[in-house]
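Asker: Below: one structure in structure tokens.
The values are calculated or read from the model by the stated rules, or taken from the named source; none is laboratory data. Owing to the predicted nature of the structure, the values given are computational and were not obtained by experimental measurement. All Cβ positions, even for glycine, are placed from backbone atoms using ideal geometry, and neighbour counts span all protein chains on display.
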Amino acid sequence: METKFFYFMQIISAILSVFLILLHSPKGDGMASIGAASQLFASQKSTEKGLNKVTYFFVGIFILSTFMMSFGLKLLHIGL
């Protein structure tokens with residue numbers, strides 16, 4: 001049962017991580033500058049900082065869910 005939760009978390013965090021990584025650009029304007037998203041922040045640097053924090057968060061969830069699934073599956077095979 002708990003492995004289904006981690007499968008779900010891994011899939012959702014993977015999709016969101018890919019989307020957020022695609023929003024980044026090497027020059028700092030990226031897709032986040034399209035529309036009103038660039039006007040929400042004072043400067044382009046703060047936009048990139050916020051996007052970096054959110055991206056790191058979802059990548060961290062992806063890595064954590066991967067480790068938890070691996071550990072959980074090992075425990076299920078051992079019989080604990």
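Asker: Just to be sure before I move on: is residue 30 at positive phi, modelled with pLDDT under 85 and loosely packed, with under 12 Cβ neighbours inside 10 Å in the structure I sent?
Answerer: Spelling it out, it is not the case that residue 30 is at positive phi, modelled with pLDDT under 85 and loosely packed, with under 12 Cβ neighbours inside 10 Å.
Asker: Moving on to the next point. How many residues, within the range 11-25, are polar (S, T, N, Q) and either touching a residue at least 60 places away in the same chain (Cβ under 8 Å) or in contact with a helix residue (DSSP H, G or I) (Cβ under 7 Å, 6 or more places away or on another chain) (or both)?
Answerer: 2
Asker: Taking the range 1-10 as the search range and keeping residues that are free of Cβ contacts under 8 Å to residues at least 24 places away in the same chain and in a helix (DSSP H, G or I), which one is nearest to residue 57 (Cα to Cα)?
Answerer: Here the answer is 8.
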